[in-house]
Each structure stands twice: as structure tokens, then as C-alpha cells.
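Asks: Have a look at this one.
The values are calculated or read from the model by the stated rules, or taken from the named source; none is laboratory data. What you see is a predicted model, and the numbers here were worked out from it, not measured in a lab. Ideal geometry is used to build each Cβ from the backbone, glycine not excepted, and the neighbour counts take in all protein chains shown. Remember, those area values only see protein heavy atoms, side chains included, never the ligands or the DNA or RNA. Shrake-Rupley method; radii C 1.70, N 1.55, O 1.52, S 1.80 Å.
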Amino acid sequence: DMDYFGNRLDAYQELGFVLAGVQSVIVLGFPYRTVEPTTAQSNQGKISRYAWGEVDYHDVIHVRLKRLKSIVIDSFPDSTARGVVDSAPIMEREFAKIAGLGWTGKNSLLLNRQHGSFFFLSCLLTTLPLPVSQPNETDHCGTCTRCLDACPTQAFVAPGVLDSRRCISYQTIENRGFIPEDLREGIGQWLFGCDVCQDVCPWNRFSQVTTETAFWPRQGDQTLDLLELLSIDETSFRERFRKTPLWRPRRRGLLRNAAICLGNARETKAVDALIGLLHDDDTVLRGAAAWAIGRIGTASGMTALKNLLEKETDAMVQQEIRKALESSY
């Protein structure tokens, strides 16, 4: 469903679409590693490290890019520049390799011998001609396949090749609809994103801890209370997450993920909240709640599913309810 890639293929092939007259690309890495993750309890959802902070990383990095842009233009008044953080049609990882920042690991991420992979990439495009860096032409993964072996949903087709449709990060962030049934169990407790293929990478033992306080966990938290999350309405969701990375999947996506996590944990304390979600206006949330209730399997939950089936009009939700009642999980 990531149509923005296909819709901008022409722009990806020509940097002039991003900045007219561009002569050089300055590629930068910004580390975001903070503390080590804790173990999530059955009522908690795990969040990818990059989203632990209070603010969206785009906002943090754009401030720095604006400063760098000012330095370039002040020093060379006839030049112009534009800073981008994974929003413009630029293949940042490929430019980073050309700039000498690292190599593509078997998990498809850029790896650096000193910094691992826990860093954001950004670019400053400029019309100023600059000396060319030596590209990275060596691969330091060797025979290691830890990232490929550890993926819970077997998303890697081959070393360096990711099937995004099977990726937990794609399913929990970009996919706004029903998560495919065969992938739900593999999601485990991942509420937003996934770090498995990075956490197991030996090169990340050397990654540096960031000095940027905005990326450190909110009030020390690395997880979210899933039961609390299920009760949040649209207004409260906006107020709490609007300026954070967790805004991207919207309320539908995050609450759907919460229901999947609770179902995987078979958290009986969540049944009442899941029954409440069965009456949400959103069909995706009703379907996720039905699946989770079926996984947990309490009598009250099954009764609620039977009652809902008599009233439910959406075919996808009906299908989820019937599967849950058949105890196919």
C-alpha cells in the first residue's frame, strides 16, 4: 500500500526534481540509540527504539539541517540548498553507500563499523560543487545470518532483500487495514515497529549512545500500557501522539496493533476492554478485537462474539468472529 514510491519513480531517477541545479549531496547519519530495551509484560506493547522519545525525529533533524543549510548559503551566497529527512524522493541508503557511510547489511539496512545501524539518515542537497567521497565497496557481514534467522515473520526473501508485506514494521505502521492472519502471531508484543533484525546484529554492539535527549524514552518508558490504549478516543489520541512517531498509524492502526498484542499474550485482563472495542465504529478495530478475544478464549468473550455476530453487517468482521467462535486459533 506504499503507493508514494510507485507514484514518484520519475523523481527518484532525477535529483533535479528535489532541487533544481543540484550538484552535490551531503549525506549525514544521526544516532538514536539510548538505553537497552526492557522485557514487555503481557499488558505492554513494545515500541521500536527510534520512537521512544517525546518528539518526531523529522522535527529534530530538520532543525539541524536548516542550520547546515544556512552555513552553506552564508559561505557561498550564489548557492542554494535543501535538507530532506526520508520525505523527498531520494534513495538515502544508496547515496549513503556512495558517500562512504557504510554497506547494506543482510537485513537491508545501512551498517557502519563504528555506529552499527541505530542511526537516521538525512541529506542536504546543494548547487555547490563539492569534492566526491570514496564510496563504500566492502561488506562486513561475512557468513553471519543472525538477522535473517531471527525475523519472527520470515520477511527476508534473501540476504539484503526484504518482503515489506511480511515485515512487522510495515504491518504495524504503514498497513492501515486488516493484518494478514498468518502474520499476527509473529507480531508478538510489537505495538509499533520492530527492532529484532537490528538487536541481533553484532555490529550494533559498537553503536554509540546518542546525546540527543529528545530520543530518550518518555519518562523512562519503552512500552505502552495496552489496556489503557484500548480506551483512548480520537481526541485523546491526537492530544497524546500528534507530535510523535506513533501518530503515523493513527488511532485505528495503534489500537488494532494493541488488540493483536493482547491476543498474542492471551491477556485475560484485556477481555472487557476488547469487548468494548467490538462496538467501535471502525471495522478494522472490531475485527482485531474479535481475533484477540478468540485467542484468549474466555466464556464472556465468546458470548460477546456470539451476540455481535447477530448484529454485525461487515463481511470481514463477520469472518473474524466466525473464526474466533470456531476456536481455530
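Asks: What is the residue count in the range 23-56 for residues that are touching a helix residue (DSSP H, G or I) at 6+ places or on another chain (Cβ under 6 Å), over 22 Å from Gly188 (Cα atoms) and in a strand (DSSP E or B)?
Replies: 3
Asks: Check the range 56-69 and report whether any residue there is more than 17 Å from Thr211 (Cβ to Cβ), hydroxyl-bearing (Ser, Thr, Tyr) and crowded, with 18+ Cβ neighbours inside 10 Å.
Replies: Checked against the condition, which is being more than 17 Å from Thr211 (Cβ to Cβ), hydroxyl-bearing (Ser, Thr, Tyr) and crowded, with 18+ Cβ neighbours inside 10 Å, the range 56-69 yields no hits at all.
Asks: Also, I was wondering about something else. Quick check on Arg184: is it outside any loop (DSSP other than H, G, I, E, B) and modelled with pLDDT under 95? Give the steps one after another, and end with the answer.
Replies: Working: outside any loop (DSSP other than H, G, I, E, B): yes; modelled with pLDDT under 95: no.
No.
Here is a yes/no grid of residues against (1) over 22 Å from the mean Cα position of the chain (by Cα); (2) at pLDDT 95 or above; (3) of a type in the set (Asp, Glu):
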position	(1), (2), (3)
Ala40	no, no, no
Gln44	no, yes, no
Arg49	no, yes, no
Glu54	no, no, yes
Leu68	yes, yes, no
Ile73	yes, yes, no
Trp103	no, yes, no
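So that you can scan it fast, the table gives a plain yes or no per residue for (1) open to solvent by less than 10 Å² (accessible area, probe 1.4 Å); (2) at pLDDT below 95; (3) among the hydroxyl-bearing types (Ser, Thr, Tyr):
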{"position": "Lys243", "(1), (2), (3)": "no, yes, no"}
{"position": "Ile260", "(1), (2), (3)": "yes, no, no"}
{"position": "Arg266", "(1), (2), (3)": "no, no, no"}
{"position": "Val284", "(1), (2), (3)": "yes, no, no"}
{"position": "Ala292", "(1), (2), (3)": "yes, no, no"}
{"position": "Ala304", "(1), (2), (3)": "no, no, no"}
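Asks: Do you know which of the residues in the range 246-258 that are open to solvent by less than 10 Å² (accessible area, probe 1.4 Å) and touching a residue at least 40 places away in the same chain (Cβ under 8 Å) is nearest to Gly287 (Cα to Cα)?
Replies: If we filter the range 246-258 for residues that are open to solvent by less than 10 Å² (accessible area, probe 1.4 Å), which is where we start, we get 246, 249, 253-258.
Now restrict to residues that are touching a residue at least 40 places away in the same chain (Cβ under 8 Å): 246, 249, 253-254, 256-258.
Numbers: Leu246: 21, Pro249: 17, Gly253: 12, Leu254: 14, Arg256: 8, Asn257: 11, Ala258: 12 Å.
The residue in question is Arg256.
Asks: Examine the range 181-201 for a residue that is touching a residue at least 24 places away in the same chain (Cβ under 8 Å), loosely packed, with under 15 Cβ neighbours inside 10 Å and not charged (D, E, K, R), and state whether such a residue exists.
Replies: No, there is no match, as no residue in the range 181-201 is touching a residue at least 24 places away in the same chain (Cβ under 8 Å), loosely packed, with under 15 Cβ neighbours inside 10 Å and not charged (D, E, K, R).
Asks: For Arg8, are the conditions met, namely being among the charged types (D, E, K, R) and surrounded by fewer than 19 Cβ atoms within 10 Å (Cβ to Cβ)? Before the answer, list the steps.
Replies: Details: among the charged types (D, E, K, R): yes; surrounded by fewer than 19 Cβ atoms within 10 Å (Cβ to Cβ): yes.
So Arg8 passes the test.
Asks: Determine if the range 164-180 includes at least one residue that is assigned to a helix (DSSP H, G or I), surrounded by fewer than 20 Cβ atoms within 10 Å (Cβ to Cβ) and among the aliphatic types (A, V, I, L, M).
Replies: Scanning the range 164-180 turns up no residue that is assigned to a helix (DSSP H, G or I), surrounded by fewer than 20 Cβ atoms within 10 Å (Cβ to Cβ) and among the aliphatic types (A, V, I, L, M).
Asks: What number of residues in the range 128-151 are modelled with pLDDT of 95 or more, touching a Phe, Trp or Tyr at 6+ places or on another chain (Cβ under 8 Å) and open to solvent by 50 Å² or more (accessible area, probe 1.4 Å)?
Replies: 1
Asks: Search the range 4-22 for residues being in a helix (DSSP H, G or I) and aliphatic (A, V, I, L, M), and hand back the single one that is modelled with the highest pLDDT.
Replies: As a first pass, look at the range 4-22 and keep what is in a helix (DSSP H, G or I): 4-6, 9-12, 15-17.
Adding the requirement that they be aliphatic (A, V, I, L, M) leaves 9, 11, 15.
Values: Leu9: 85, Ala11: 83, Leu15: 93.
Here the answer is Leu15.
Asks: State which residue is farthest from Ala273 (Cα to Cα) when the search covers only the range 218-237 and only residues that are in contact with a Lys or Arg (Cβ under 9 Å, 6 or more places away or on another chain) and surrounded by 14 or more Cβ atoms within 10 Å (Cβ to Cβ).
Replies: Filtering the range 218-237 for residues that are in contact with a Lys or Arg (Cβ under 9 Å, 6 or more places away or on another chain) and surrounded by 14 or more Cβ atoms within 10 Å (Cβ to Cβ), the one farthest from Ala273 (Cα to Cα) comes out as Gln222.
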